[in-house]
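Engineer: There's a structure below that I have some questions on.
The values are calculated or read from the model by the stated rules, or taken from the named source; none is laboratory data. What you see is a predicted model; the values in this text were computed from it and never measured. Positions of Cβ are backbone-derived with ideal geometry, glycine not excepted, and every protein chain shown enters the neighbour counts. Each accessible area value is taken on the protein alone, full model and side chains, heavy atoms only, with ligands, DNA and RNA left out. Shrake-Rupley method; radii C 1.70, N 1.55, O 1.52, S 1.80 Å.
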Amino acid sequence: MLMGALAGMMEAQYNELRKHGHTPSEAFNETVEELTQSLIRLVAENGMDWMYANCSATAQRGALRLGAISPQSGGACYLAELYDSVATGKETAIVLRVNSCSGLQS
């Protein structure tokens with residue numbers, strides 16, 4: 001299951017990046033290289049809690065949204081939605097609103 005999940009997510013992200021004009025090299029680096037050379041090693045050394053605590057608010061939000069996806073929900077469709085949300089600035093606006101002092105309730 002994990003092998004299929006990893007392969008499926010890498011393929012979906014690679015294809016989404018290519019669809020938006022990234023070169024094959026860029027898409028590979030942002031997908032396979034990032035996962036195998038950076039993320040997996042950091043998780044192995046420090047654990048998932050550490051990863052969540054030490055990544056950007058945008059990455060935390062994306063990880064939490066992606067973590068809620070079931071295999072039946074079509075992760076590739078979600079990646080297209082997430083890519084568009086990041087590209088248009090919607091994700092940044094949400095992160096800024098949620099993390100701003102003015103957004104805190106007293």
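Engineer: Once the whole set of protein chains is in place, how much accessible area is left on Val43, using a 1.4 Å probe, in Å² to the nearest 10?
Structural biologist: 50
Engineer: While we're here: Quickly work out the Lys19-to-Lys90 label distance, labels modelled 7 Å from Cα along the C-beta direction, and quote it in nm with one decimal.
Structural biologist: Here the answer is 1.4 nm between the modelled labels.
Engineer: Applying 1/(1 + (r/R0)^6) with R0 = 22 Å to the Cβ-Cβ distance of Cys55 and Glu81, what FRET efficiency is obtained, to the nearest 0.05?
Structural biologist: E between Cys55 and Glu81, to the nearest 0.05, is 0.60.
Engineer: On to the next question. Rank these residues by their accessible area, most exposed first, probe 1.4 Å: Arg65, Arg18.
Structural biologist: The residues order as Arg18, Arg65, largest area first.
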